[in-house]
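**Q** To start, I am sharing the structure in question, which I have written as structure tokens.
The values are calculated or read from the model by the stated rules, or taken from the named source; none is laboratory data. Note that this is a predicted model, so its numbers are computed, not measured. Here the Cβ positions follow ideal geometry from the backbone for every residue, glycine too, while neighbour counts run over all protein chains shown.
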Amino acid sequence: MTGSRRGLLKKTLGGAVLLAAAGAVPLALRRTRPRAAAAPLQFFTPAEYSIFAAVADRVLTDAEPRVGVAERADAFLAPLPPADARDFRRLLALFDNALYGFLRGGPPRPFTQMSPDDQDDQLARWQTSRFPIERTGYQAMKRLAAAMYFSDPRTYAGVGYPGPPYELIKSVTTK
Amino acid sequence: MKTDVCVIGSGPGGAMVASRLAAAGAKVVILEEGGLHTRAEFDMQEATAYPRLYQERGNRATADLSIAILQGRAVGGGTVVNWTTSFRTPDHVLEHWQKTEGSELTPAVLAPHFAEVEQRLNVQKVDLDDTNANNRAVWDGCTKLGWQVDTTRRNVRGCLRTGYCGMGCPVDAKQSAALTYLPDAVARGAVLKPDSRAERIAVRDGRAVAVEGRGFSIEPDVVVLSAGAINSPAVLLRSGILDGPVGRKTWLHPTIAVAALYEQRIEGFYGAPQSVASHHFARRTEGAGFFIEAAPVHPMLAALATPGFGAPMRAQMAAMANVAATIALMIDGFSDDEGGGTVTLRDGLPRLDYPFTDRMYECFRAAMKATCRLHLANGAREIHTSHTRDLRVTSEADLRLIDEAPMGPNLFGVFSAHQMGGCRMGADPGRSVVNPQLRHHAVKNLFVVDGSVFPTALGVNPMESIYGVASWASQHVQKALS
């Protein structure tokens, strides 16, 4: 449930180089695999939506029930301050950049075009990367996906949570 | 709009000053950037509560995301969303401030203020029988190990112990500032302006002449800045009031968590979220101290704290009802070489950096081992630390894994629910932003009255300290008016 920060992305030499690489290679070998959103987008571009939806699928491993995590994230991110919004967009672009992924030991494909196993490998690489910038990026995406999923009441039963005790509250507030 | 006093922020500091000054007959305007929310809106859903009631919609964090920051943003500030734990400032902390910064605060000076606060907020000690299983695990584990532990005191009246303090009390049992000192102030004529963010304090010839925001300009005789740690230094920075170490030495009680899995259901989502605390390790000599408390276990917060992703994360989440969540809060600020956090501006908004240090790593490791030990003693089946790569402890022998695990930003989860410092008080203008009476060193009709003036962290939950210090400081603000 958290955004990324441009300051952080640019903080390290590694971060600056990576951002430059991502920006300097338009379309970097392959395009993002598009995916249709179930609702009109407020924050994401169609490509950004597709990237985040692919990330969320692996973070949650196609968890049931489907609650539209990427759509919920899109609505949640809509009021993000401009600088934070820029950071998050750059993060998604970097995460799906095929050249960058290849240089970091992955297959020469955008994240959205990888097999699920390769996608998990990339998430795992970022999770414990020696580059702080990647660890930050991983946390931003993982927390957002997890927060959007597990804050949806439709997922409560799956974690053994009966939900808020509305009847108890009602018994007091309606007296 | 002209007034005697403009208070920026309606958390415990601002609410208290406003109430005291309004009672003394001053014309008071209170600006609050957050909204006015009441119990009917508190639906006990994380998806609603965090965006509505927390800074940056629940998104606040250090710039590298290594410390997630829970900080209130509403009429009543943090008192609307905190977990009601009420402690007086420890005597040894006040002594330290006296010795190092020339603070005028002593236990005797503050005692009458704390007594009044405790009465107004109905602060009462929790009966052990009223603790939930999540807190009881801390009690039982500490007791079995011979560690100091006690029930806490809480500011509630008619509490149903539903467990949703962090999302706004749905039955108005929590005696927040929004239900106590703010209504007191308004009843005495204070004007409360929600959704009114102070952009800057205008200064002319060494005096604050106006508080400006979108669509308003207040012209007070005295300004009281009570926007809280992180936001108060940001207001000063935006205003170009740069004297002293503004924004520096911000303290967070950086907090690690462990999740202990029990055979039986714990249901940490219900019951008073915090009712037991151990200060057994608060005054360690081998490094920074820490104290131990429980944290509520609701799905979204639990998911944020659960390491990893994919099937392993979901498996841990599926066992959430059987988890006891225990936190250990590092007491930062007591070593001369500690820098703590630094607030700067980014596009006019606060940015916080808090670099991790070896002192922190030593403390975090000790805290992880202690919290694991208490759950091992209490019969937990397994305990997971907050390391990004899952670290599972099932026996004393496994504790070495904590020493072996790599440490670094975002390699383990850290959060903060207590923000302090950044506008520290002190006699030396080179080391502090406000003087011992909380008056700004350079801008003489400006006071800072909130947790940002604390020279160190407290080692206890900060709400009551802020109220008490603000009550004491009100007399100095009042003198400045006359």
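**Q** Surrounded by fewer than 24 Cβ atoms within 10 Å (Cβ to Cβ), farther than 22 Å from B:A417 by Cβ, in the same structural domain as B:S474 (by TED's automatic domain parsing) and of a type outside the set (A, V, I, L, M) - does that describe any residue in the range B:65-84?
**A** Checked the range B:65-84: no residue is surrounded by fewer than 24 Cβ atoms within 10 Å (Cβ to Cβ), farther than 22 Å from B:A417 by Cβ, in the same structural domain as B:S474 (by TED's automatic domain parsing) and of a type outside the set (A, V, I, L, M).
**Q** Continuing with this model, one more query. Among the residues of the range B:314-333 satisfying the criterion of being within 8 Å of chain A (Cβ to nearest Cβ) and among the small types (G, A, S), which is farthest from B:I266 (Cα to Cα)?
**A** Filtering the range B:314-333 for residues within 8 Å of chain A (Cβ to nearest Cβ) gives B:314, B:317-322.
Those left that are additionally among the small types (G, A, S): B:318-319, B:321.
Working: B:A318: 13, B:A319: 10, B:A321: 6 Å.
Among residues in the range B:314-333 that are within 8 Å of chain A (Cβ to nearest Cβ) and among the small types (G, A, S), the one farthest from B:I266 (Cα to Cα) is B:A318.
**Q** Right, here's the next one. Counting just the residues of the range B:199-247 that are of a type in the set (K, R) and in contact (Cβ under 8 Å) with a residue 60 or more places away in the chain, which one comes out nearest to B:A470 (Cα to Cα)? Explain how you work it out, then say what you get.
**A** Going through the range B:199-247, the residues of a type in the set (K, R) turn out to be B:200, B:204, B:207, B:214, B:238.
Now narrow it down to the ones that are in contact (Cβ under 8 Å) with a residue 60 or more places away in the chain: B:207, B:238.
Details: B:R207: 22, B:R238: 24 Å.
Per the criteria, the residue is B:R207.
**Q** Cβ-Cβ under 7 Å, sequence separation 6+ or interchain: first residue in the range B:61-86 and within 19 Å of B:N155 (Cα to Cα), partner aromatic (F, W, Y). Which pairs?
**A** From the range B:61-86, the pairs are B:Q71/B:Y54; B:G72/B:Y54; B:V81/B:Y54.
**Q** Which of the residues belonging to the range B:162-184 are within 14 Å of chain A (Cβ to nearest Cβ) and without any contact (Cβ under 8 Å) to a residue 60 or more places away in the chain? Even if it seems obvious, please write down each step before you answer.
**A** The initial filter retains those residues of the range B:162-184 that are within 14 Å of chain A (Cβ to nearest Cβ), namely B:162-174.
Of everything in the range B:162-184, just one residue is within 14 Å of chain A (Cβ to nearest Cβ) and without any contact (Cβ under 8 Å) to a residue 60 or more places away in the chain, namely B:A173.
**Q** When both residues are 6+ apart or on different chains and their Cβ atoms are under 7 Å apart, which pairs have a first residue that lies in the range B:117-130 and is within 16 Å of B:A178 (Cα to Cα), and a second that is surrounded by fewer than 17 Cβ atoms within 10 Å (Cβ to Cβ)?
**A** Filtered contacts from the range B:117-130: B:N122/B:R157.
**Q** Determine which member of the set A:T61, A:T128 is facing chain B (nearest Cβ under 9 Å), surrounded by fewer than 22 Cβ atoms within 10 Å (Cβ to Cβ) and at pLDDT below 95.
**A** Values: A:T128 fails: at pLDDT below 95.
The unique qualifying residue is A:T61.
**Q** Step by step: first the residues of the range B:430-470, then only those that are charged (D, E, K, R) and part of a loop (DSSP other than H, G, I, E, B), then the one that is surrounded by the fewest Cβ atoms within 10 Å (Cβ to Cβ). Which residue is that?
**A** Here is the first cut: in the range B:430-470, the residues charged (D, E, K, R) are B:431, B:439, B:444, B:450, B:464.
Pick out the ones that are also part of a loop (DSSP other than H, G, I, E, B) and you get B:431, B:444, B:450.
Values: B:R431: 17, B:K444: 14, B:D450: 34.
My answer is B:K444.
**Q** Check the range B:306-313 and report whether any residue there is in a loop (DSSP other than H, G, I, E, B), over 26 Å from B:E263 (Cβ atoms) and at the interface with chain A (Cβ under 9 Å from one of its Cβ atoms). Let's see the steps before the verdict.
**A** Within the range B:306-313, the first condition is being in a loop (DSSP other than H, G, I, E, B), and the residues that meet it are B:306-309.
Adding the requirement that they be over 26 Å from B:E263 (Cβ atoms) leaves B:309.
Retained after the next criterion (residues that are at the interface with chain A (Cβ under 9 Å from one of its Cβ atoms)): B:309.
Checked the range B:306-313: at least one residue is in a loop (DSSP other than H, G, I, E, B), over 26 Å from B:E263 (Cβ atoms) and at the interface with chain A (Cβ under 9 Å from one of its Cβ atoms).
**Q** Report, by residue number, each residue of the range B:376-429 that is away from chain A (no Cβ under 14 Å), in a strand (DSSP E or B), within 24 Å of the chain's Cα centre (by Cα) and hydrophobic (A, V, I, L, M, F, W, C).
**A** B:M420, B:M425
**Q** For the range B:139-177, name all the residues that are acidic (D, E), farther than 20 Å from B:P462 by Cβ and out of contact with any helix residue (DSSP H, G or I) (no Cβ under 6 Å at 6 or more places or on another chain).
**A** We begin by selecting, within the range B:139-177, every residue acidic (D, E); these are B:140, B:150, B:172.
Okay, now just the ones that are also farther than 20 Å from B:P462 by Cβ, so B:140, B:172.
If the condition is that a residue be acidic (D, E), farther than 20 Å from B:P462 by Cβ and out of contact with any helix residue (DSSP H, G or I) (no Cβ under 6 Å at 6 or more places or on another chain), then B:D140 is the only one that fits.
**Q** Before we move on, is B:R39 surrounded by fewer than 24 Cβ atoms within 10 Å (Cβ to Cβ) and under 21 Å from the mean Cα position of the chain (by Cα)? Show your work before the answer.
**A** On the way: surrounded by fewer than 24 Cβ atoms within 10 Å (Cβ to Cβ): yes; under 21 Å from the mean Cα position of the chain (by Cα): no.
When the stated conditions are applied, B:R39 does not pass them.
**Q** So, one more: Just to be sure I understand the filter: pairs with C-beta atoms under 7 Å, separated by 6 or more residues or on different chains, first member in the range A:112-124 and within 9 Å of another protein chain (Cβ to nearest Cβ) and surrounded by 17 or more Cβ atoms within 10 Å (Cβ to Cβ), second member assigned to a helix (DSSP H, G or I) and at pLDDT 95 or above. Which pairs pass?
**A** Close Cβ pairs satisfying both conditions: A:D120/A:R58; A:D120/B:G310; A:L123/A:R58; A:L123/A:Y138.
Yes/no matrix, rows are residues, columns are (1) part of a loop (DSSP other than H, G, I, E, B); (2) crowded, with 24+ Cβ neighbours inside 10 Å; (3) of a type outside the set (D, E, K, R):
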{"site": "B:A178", "(1), (2), (3)": "no, yes, yes"}
{"site": "B:V186", "(1), (2), (3)": "no, no, yes"}
{"site": "B:G189", "(1), (2), (3)": "yes, no, yes"}
{"site": "B:A208", "(1), (2), (3)": "no, yes, yes"}
{"site": "B:E212", "(1), (2), (3)": "no, no, no"}
{"site": "B:S217", "(1), (2), (3)": "no, no, yes"}
{"site": "B:A227", "(1), (2), (3)": "yes, yes, yes"}
{"site": "B:L237", "(1), (2), (3)": "no, no, yes"}
{"site": "B:G244", "(1), (2), (3)": "yes, no, yes"}
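The rows are residues; the columns are (1) closer than 23 Å to B:T388 by Cα; (2) aliphatic (A, V, I, L, M); (3) surrounded by 22 or more Cβ atoms within 10 Å (Cβ to Cβ).
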{"residue": "B:A305", "(1), (2), (3)": "yes, yes, yes"}
{"residue": "B:G341", "(1), (2), (3)": "yes, no, yes"}
{"residue": "B:T344", "(1), (2), (3)": "no, no, no"}
{"residue": "B:P350", "(1), (2), (3)": "no, no, yes"}
{"residue": "B:Y354", "(1), (2), (3)": "yes, no, yes"}
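**Q** Looking at the range B:5-31, which of its residues are in contact with a helix residue (DSSP H, G or I) (Cβ under 8 Å, 6 or more places away or on another chain), crowded, with 18+ Cβ neighbours inside 10 Å and not in a helix (DSSP H, G or I)?
**A** B:V5, B:V7, B:I8, B:G9, B:S10, B:G11, B:A26, B:V28, B:I30
**Q** Out of the residues in the range B:251-274 that are in contact with a Lys or Arg (Cβ under 7 Å, 6 or more places away or on another chain) and part of a loop (DSSP other than H, G, I, E, B), which is nearest to B:T456 (Cα to Cα)?
**A** Step one: of the range B:251-274, the residues in contact with a Lys or Arg (Cβ under 7 Å, 6 or more places away or on another chain) are B:261-263, B:271-272.
Now narrow it down to the ones that are part of a loop (DSSP other than H, G, I, E, B): B:262-263, B:271-272.
Working: B:Y262: 37, B:E263: 40, B:G271: 31, B:A272: 28 Å.
Looking at the filtered set, the residue picked out is B:A272.
**Q** Let me ask another. Does any residue of the range A:146-153 turn out to be surrounded by fewer than 19 Cβ atoms within 10 Å (Cβ to Cβ), closer than 30 Å to B:M167 by Cβ and within 11 Å of chain B (Cβ to nearest Cβ)?
**A** Within the range A:146-153, one or more residues are surrounded by fewer than 19 Cβ atoms within 10 Å (Cβ to Cβ), closer than 30 Å to B:M167 by Cβ and within 11 Å of chain B (Cβ to nearest Cβ).
**Q** Another question, if that's okay. What number of residues within the range B:145-159 are within 14 Å of another protein chain (Cβ to nearest Cβ) and buried (at least 19 other Cβ atoms within 10 Å of the Cβ)? Break it down stepwise before answering.
**A** Within the range B:145-159, the first condition is being within 14 Å of another protein chain (Cβ to nearest Cβ), and the residues that meet it are B:156-159.
Still in the running and buried (at least 19 other Cβ atoms within 10 Å of the Cβ): B:156, B:159.
Result for the range B:145-159: 2.
**Q** A follow-up question, please. Does the range B:346-354 contain any residue that is in a strand (DSSP E or B), touching a Leu at 6+ places or on another chain (Cβ under 6 Å), touching a residue at least 60 places away in the same chain (Cβ under 8 Å) and within 13 Å of chain A (Cβ to nearest Cβ)? So that I can check it myself, show each step before the final result.
**A** If we filter the range B:346-354 for residues that are in a strand (DSSP E or B), which is where we start, we get B:346, B:349-353.
Now restrict to residues that are touching a Leu at 6+ places or on another chain (Cβ under 6 Å): none.
There is no residue in the range B:346-354 that is in a strand (DSSP E or B), touching a Leu at 6+ places or on another chain (Cβ under 6 Å), touching a residue at least 60 places away in the same chain (Cβ under 8 Å) and within 13 Å of chain A (Cβ to nearest Cβ).
**Q** Name the single residue, out of those in the range B:57-84 being of a type in the set (A, V, I, L, M, F, W, C) and not in a loop (DSSP other than H, G, I, E, B), that is farthest from B:A227 (Cα to Cα). Explain how you work it out, then say what you get.
**A** Taking the range B:57-84 first, the residues of a type in the set (A, V, I, L, M, F, W, C) are B:61, B:63, B:65, B:67-70, B:74-75, B:80-81, B:83.
Okay, now just the ones that are also not in a loop (DSSP other than H, G, I, E, B), so B:61, B:68-69, B:80.
Numbers: B:A61: 17, B:A68: 19, B:I69: 16, B:V80: 15 Å.
This residue is B:A68.
**Q** Restricting the first residue to the range B:36-56 and requiring it to be under 13 Å from B:G166 (Cβ atoms) and more than 8 Å from chain A (Cβ to nearest Cβ), which pairs with a second residue that is in a loop (DSSP other than H, G, I, E, B) and modelled with pLDDT under 95 meet a Cβ separation below 8 Å and a spacing of at least six or different chains?
**A** none
**Q** Of the residues B:A257, B:A288, B:A272, which is over 29 Å from B:M313 (Cα atoms) and crowded, with 23+ Cβ neighbours inside 10 Å?
**A** Values: B:A257 fails: over 29 Å from B:M313 (Cα atoms); B:A272 fails: over 29 Å from B:M313 (Cα atoms).
Only one candidate passes the filter, namely B:A288.
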